[in-house]
Amino acid sequence: MTDLISTASAAIQLVTRLREINKNIANAEFNNALADLSIELANLKIHVADLLEENDLLKRKLEQKDSSSVSFKGFAYFKSDGEGPFCPGCYDTAGKLIRLAKSAATFNVFGSHSCPSCKQHFSAA
């Protein structure tokens, strides 16, 4: 999205250059088209900025929703619908819901679950 803003800014700069060039041309139709282009580009820049702001707001709402529906039970985090377990280390440090993998019976000495991301082991006992 920020590329759109920089592209619109570059286009506005080009319009400014065209206005400088146009000082030598006495064509009313060209002047009107150039003015219309300037207005449309300014509107585009405003619209893109609004979209970026809305996108940021929606991302923050989604993060809040995800974090509010998670609770710590026993050894890990679980969603309110029972989905889980999720790694407490990854969630506490980075806010990421990383699903824990059940360890094979031969590796239960280290814990009943392990995180594929941070490699920590957890015991459901």
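For residues in segment 68-89 being touching a Leu at 6+ places or on another chain (Cβ under 7 Å) and in a loop (DSSP other than H, G, I, E, B), which is farthest from LYS119 (Cα to Cα)? Once the filter is applied, the top-ranked residue is PRO85.
Residues in segment 92-104 that are part of a helix (DSSP H, G or I) and within 18 Å of the chain's Cα centre (by Cα): ALA94 only.
Results for (1) modelled with pLDDT of 90 or more; (2) surrounded by 13 or more Cβ atoms within 10 Å (Cβ to Cβ), shown as yes or no for each residue.
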position	(1), (2)
THR7	no, yes
ARG19	no, yes
LYS23	no, no
LEU37	no, yes
GLU63	no, no
ALA76	yes, yes
ASP81	no, no
PHE107	no, no
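The combined condition, being at pLDDT 90 or above and among the hydroxyl-bearing types (Ser, Thr, Tyr), is fulfilled by SER117.
The values are calculated or read from the model by the stated rules, or taken from the named source; none is laboratory data. Treat the numbers as computed from the prediction; the structure is a model and nothing was measured. Note that each Cβ is placed from the backbone with ideal geometry, even for glycine, and that neighbours are counted across all protein chains shown.
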